[in-house]
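The values are calculated or read from the model by the stated rules, or taken from the named source; none is laboratory data. Values in this document were obtained by computation on a predicted structure and should not be read as measured data. Because the Cβ atoms are built from the backbone with ideal geometry, glycine has one as well, and the counts that use them run over all protein chains shown. For accessibility, only protein heavy atoms count, side chains too; no ligands or nucleic acids. Shrake-Rupley method; radii C 1.70, N 1.55, O 1.52, S 1.80 Å.
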Amino acid sequence: MFTGTEFMSRGTAPNLAEPVLRSTGKDATELGEIVVFIDNRGEAASILEFAGLLAEENGAGLISVFIQPAPPVTPPERFARGTGIQDVIKTHQSQLESIEGRQRTQFEDIVRRHGIPESKWRSLSPWSTEMALPAYYADLVVIARPERGQISDPPGLAESLVLSSGRPIILFPPGGAPSRVRRIVVGWNATREAIRAVVDALPLLARSEAVEVLIVDYQRQRARHGQEPGADITRRLAALGAQVEVQRLSSGGQDVGHLLLSQAVAFRADLLVMGAYGHSTLREWMFGGVTRTVLYEAGLPVLMSR
């Protein structure tokens, strides 16, 4: 996010002060629809609760996309023939319906408790070609943060959404405790990706109580930041009503991703907002160093935009 190599990969920055944040047609501080992706893993309840809190506070609709688990196949089932195959299919269908029923009950309970005005439940096979489509039309997406080396169904969904959906993605950490978003750290380096992340996060920033704009190693891109790094972005965010402060740090050779995360912990942040850097190929996702660290190691929810 902040490293010199990542800046250099995008060419030389023009000699301009901080770019102006601009919103599009609708009120930039409103969320209309939130999409949350869940599966049958244990943290689904926490992710649903977090998404429910966001929907309640923003008066937004909530769509849950349940990713059906791939059916486990036992050794005897591998050799099933004739009517035995039909029995295996019925058993797996019954198991799937039971799992989905439990998750849907949790979702409907959250919708009811939080008074969410509109809700929808979708269930998709992990092999569905339409898996990412609900995210394309959402104002905000919530999904479990991936872990290095973890096998997921479908593989790389979170990474793909971050790089390819064009929507703001909140990555909820494993074992995370759902809470209302009151304190936010913004990782700011005045690039297009950072600007996009802040604009996407405006509905949450407008309802926050405290915001820290964190700038690391601004000396590497003085022209991009202007004479007083962070002053313009702070002024714009303060106009939303939040208490905003600027923190300018030098990495001193430290991994900037880890510095960003440790600063978020020190600020007692409920959310980290940052731009995502990388590109996708047919079978893999290549992330910038800071993005990769935060994507796989963050212990708090992170909103990434690209």
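Would you mind telling me the share, in percent, of accessible area of the range 128-256 contributed by carbon and sulfur at probe 1.4 angstrom?
Taking all protein chains in place, the range 128-256 shows 43 percent carbon and sulfur surface.
Of Arg102, Arg306, Arg268, which has the most accessible area and how do the rest follow, probe 1.4 Å?
Final ranking, largest accessible area leading: Arg268, Arg102, Arg306.
At q = 0.21 Å⁻¹, what log₁₀ I(q)/I(0) does a Debye calculation on the Cα points of the range 180-306 give, no solvent, two decimals?
-1.29
Once the other residues with Cβ under 13 Å from the Cβ of Arg113 are scored (Lys, Arg +1; Asp, Glu -1), what is the net sum?
Cβ neighbours under 13 Å give a net charge of -3.
How far apart, in nm, are the 7 Å Cα→Cβ label points at Ala70 and Glu245?
Here the modelled spin labels are 4.8 nm apart.
What number comes out for accessible area per residue over the range 204-251 if the probe is 1.4 Å? Units Å², please.
Here the residues of the range 204-251 average 50 Å² of exposed surface.
Run the numbers for Glu57 and Arg41: contour at 0.36 nm per residue of separation, minus the present Cα-Cα distance, in nm.
Contour length minus the Cα-Cα distance gives 3.2 nm.
Rank these by accessible area, largest first, 1.4 Å probe: Thr293, Thr105, Thr129.
Sorted by accessible area, descending: Thr129, Thr105, Thr293.
Computed FRET efficiency, Cβ-Cβ of Gln227 and Ala177, R0 30 Å: what is it to the nearest 0.05?
With R0 = 30 Å, the Cβ-Cβ based efficiency is 0.15.
Over the range 171-283, what is the mean sequence separation of C-alpha contacts under 8 Å (at least six apart), divided by residue count, expressed as relative contact order in percent?
On the way: 151 pairs, mean separation 44.5, N = 113.
Computed over the range 171-283, the figure is 39 percent.
With every protein chain present, what accessible area does Ile47 have (1.4 Å probe, heavy atoms only), rounded to the nearest 10 Å²?
Its heavy atoms expose roughly 0 Å² to the probe.
Based on the inverse mean of 1/r over its pairs of different Cα atoms, what is the Kirkwood hydrodynamic radius of the range 95-196, in Å?
Roughly 16.2 Å, rounded to one decimal.
If amide hydrogens are placed 1.01 Å from N in the peptide plane, which non-local residues have theirs closer than 5 Å to the one on Glu33?
Result for Glu33 returns Gly61, Asp139, Leu140.
What's the Cα-based Rg to Rh of the range 123-256, Rh via Kirkwood? Intermediate values should be presented prior to the final figure.
Details: Rg = 17.2 Å, Rh = 17.0 Å.
Rg/Rh: 1.01.
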